[in-house]
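First up is the structure itself, then whatever we jot down about it.
The values are calculated or read from the model by the stated rules, or taken from the named source; none is laboratory data. None of the values given here were measured: they were computed from a predicted structure. Reconstructed Cβ throughout: ideal geometry from the backbone, glycine too, with neighbour counts over all protein chains shown. In case anyone asks, the SASA skips ligands and DNA or RNA and just uses the protein heavy atoms, side chains included. Shrake-Rupley method; radii C 1.70, N 1.55, O 1.52, S 1.80 Å.
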Amino acid sequence: MTPKEVVSFAQEQGAKMVDFRFLDFPGIWQHFSIPMSEFDESSFEDGFGFDGSSIRGWLPINASDMLVVPDPSTALMDPFTKVPTLTLIGNIVDPVTKEKYSRDPRYIAQKAEEYLRFTGIGDTAFIGPEAEFFIFDDIRYDSASNFGFYSIDSSEGIWNTGRDERPNLGYKPRHKEGYFPVPPTDSLNDMRNEMVLQMQDLGIRVECQHHEVATAGQAEIDMRFAPLVAMGDQLMWFKYIIKNVARSHNKTVTFMPKPLFGDNGSGMHTHLSIWKDGEPLFAGDQYAGLSEMAMHAVGGVLKHAKALCALTNPTTNSYKRLVPGYEAPVNLAYSSRNRSAALRIPMYSDSPKAKRIEIRFPDPSCNGYMAFSAMLMAAIDGIEKRIDPGEPLDKDIYSLSPEELTNVPSTPGSLDEALAALEEDHEFLCQGDVFTEDVIQAWITYKRNSEVDPVRLRPHPYEFMLYYDI
């Protein structure tokens, strides 16, 4: 829509408020609202001022004035607000120079798309994330100098088979057996359907929904692939819709990768393909039906995977999921069938349009705009440098000998290791000024100071089980 069309659309929908949304550095939607009386076509040029000093990872207080300039193509009516509200995603702009802000994740994604076109490799990067999440009934947590705890509950939790629920009807998925029984064991089917229909009402194409492997309400909803920036926008709406539908049922959702001990974590397998002039470029006559270009893209992703993890798996909790020896895709190799490989080539269809690579190590705690951009930049680097991905890993990883496993590198073992890898390997991200040196260093500093060190300094509850009587 044009600015004029957006204003008309808002009036036709009876909007009384206009809400502007943007991301902080880690990837959480921020917003503020104005009355409709303050909104007109000039809003799309002038923008609206706000204080950026309180936004995580952004400007210091002495340089905090920022503008959010709404993107008219993102106009939608919010389905959850009591007062009719037009919602717009905005770009962050410096009020003095009028330049876009380098730490705005959406701007990074826009630059990644521009860089792809600049290289001449292709004109569109299609992204298809499969984000998993948990739907819980109750979550309590706290931490102080003398205590720390969390407590999760779910009516589906296998630990509640003996609870007096008056009556307890059973039908609780056992650990690792949630994929995917019909109701009544799958008690959340109707809620997931409601989430899907709400997404469709907002124009998001959804391919399927289902219960996931873990007990206690693990779920997955798959969006149809879309261009990179558009998918970044959709992923934010995706999380917003899922959380608010769950809340309307008095339930809570988390995209934490590993909230439960002893069961599967939540990943976000991400499908990537590059197209040009409406034609797919990843289909060919090489391994698993890939083109030579796609094979080099695989090589780029694998080469830079350790650094990518700092952006695709950006929490300390991410590395409770990425643990060698389990089902997590920690092995930095590619395969057409082996799901423990970090990169897989889906074989569901022979259509050239369906040919893509599936990057399996990311998780849904990431900032989508930055994670998608980083994966694309790694693929571009592989294509431009013709990086050889090596031989595929088509063997059962669990049957490999220790000698064979030593030749298969793994994802980092912690966020600190991933940040160190990013520190050493980020030149590929800075091509075309997509990620700036300031963005990389600010990300590393923020993650170390705000997440790695606070977790590292605190005793873990299980350490008391292990060591209190020493």
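Per-structure values
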read-out: Positions within region 50-60 being out of contact with any Gly (no Cβ under 9 Å at 6 or more places or on another chain) and either farther than 21 Å from A10 by Cβ or at pLDDT 95 or above (or both), in sequence order; value: D51, G52, S53, S54, I55, R56, G57, P60
read-out: Selected residue (only one of D123, D71, D78, D94 is over 19 Å from the mean Cα position of the chain (by Cα) and within 30 Å of S155 (Cβ to Cβ)); value: D78
read-out: Spans of helices (runs of 4 or more DSSP H) in region 227-331 with at least 1 residues touching a strand residue (DSSP E or B) at 6+ places or on another chain (Cβ under 6 Å) and under 24 Å from M377 (Cβ atoms); value: 228-248, 292-303, 305-312
read-out: Only one of Y115, Y141 that is open to solvent by 20 Å² or more (accessible area, probe 1.4 Å), at pLDDT 95 or above and under 30 Å from R386 (Cβ atoms); value: Y115
read-out: Members of region 95-112 that are acidic (D, E) and open to solvent by less than 30 Å² (accessible area, probe 1.4 Å); value: D104
read-out: Residue within region 125-136 that is open to solvent by 50 Å² or more (accessible area, probe 1.4 Å) and at negative phi present; value: no
read-out: Unmet requirement for G382, which otherwise passes all of (1) open to solvent by 10 Å² or more (accessible area, probe 1.4 Å); (2) in contact (Cβ under 8 Å) with a residue 40 or more places away in the chain; (3) more than 20 Å from the chain's Cα centre (by Cα); value: (1)
read-out: Members of region 46-60 found to be over 26 Å from the mean Cα position of the chain (by Cα), without any contact (Cβ under 8 Å) to a residue 40 or more places away in the chain and open to solvent by 40 Å² or more (accessible area, probe 1.4 Å), listed by number; value: D46, D51, P60
read-out: Residue among P346, P364 that alone is under 25 Å from A219 (Cβ atoms), touching a His at 6+ places or on another chain (Cβ under 8 Å) and open to solvent by less than 10 Å² (accessible area, probe 1.4 Å); value: P346
read-out: Residue check, G232 touching a Phe, Trp or Tyr at 6+ places or on another chain (Cβ under 6 Å), surrounded by 20 or more Cβ atoms within 10 Å (Cβ to Cβ) and over 30 Å from M293 (Cβ atoms); value: no
read-out: Boolean, G217 is surrounded by fewer than 17 Cβ atoms within 10 Å (Cβ to Cβ), touching a residue at least 40 places away in the same chain (Cβ under 8 Å) and on the phi > 0 side of the Ramachandran plot; value: no
read-out: Residues within region 72-86 that are aliphatic (A, V, I, L, M) and open to solvent by 50 Å² or more (accessible area, probe 1.4 Å), tallied; value: 1
read-out: Among residues of region 193-211, those that are within 25 Å of E327 (Cα to Cα) and either within 17 Å of the chain's Cα centre (by Cα) or surrounded by fewer than 22 Cβ atoms within 10 Å (Cβ to Cβ) (or both), counted; value: 4
read-out: Long-range neighbours under 6 Å by Cβ, at least six apart or interchain, first residue within 17 Å of Q234 (Cα to Cα) and open to solvent by 20 Å² or more (accessible area, probe 1.4 Å) within region 21-35, second among the basic types (K, R) and assigned to a strand (DSSP E or B); value: W29/R21; H31/R21
read-out: Enumeration of residues in region 19-71 that are over 14 Å from I92 (Cα atoms), part of a strand (DSSP E or B) and in contact with a helix residue (DSSP H, G or I) (Cβ under 6 Å, 6 or more places away or on another chain); value: none
read-out: Answer residue from region 168-181, given it is farther than 13 Å from A219 by Cα and either touching a residue at least 24 places away in the same chain (Cβ under 8 Å) or open to solvent by 90 Å² or more (accessible area, probe 1.4 Å) (or both) and is farthest from the chain's Cα centre (by Cα) among those; value: L169
read-out: Any pair with Cβ under 7 angstrom, 6 or more apart, that starts in region 386-413 at a residue that is under 30 Å from T315 (Cβ atoms) and ends at one that is open to solvent by 40 Å² or more (accessible area, probe 1.4 Å) and basic (K, R); value: I387/K303; T411/K306; P412/K306
read-out: Top-ranked residue of region 416-467 - restricted to ones that are among the aromatic types (F, W, Y) and open to solvent by 20 Å² or more (accessible area, probe 1.4 Å), ranked as nearest to the chain's Cα centre (by Cα); value: Y446
read-out: Matching residues, region 1-18, being outside any helix (DSSP H, G or I) and open to solvent by less than 70 Å² (accessible area, probe 1.4 Å); value: T2, G14, A15, M17, V18
read-out: Qualifying residues in region 292-343 (those that are among the aromatic types (F, W, Y) and surrounded by 20 or more Cβ atoms within 10 Å (Cβ to Cβ)) - the one modelled with the highest pLDDT; value: Y319
read-out: Some residue of region 123-145 being in contact with an Asp or Glu (Cβ under 6 Å, 6 or more places away or on another chain) and under 30 Å from L281 (Cβ atoms); value: yes
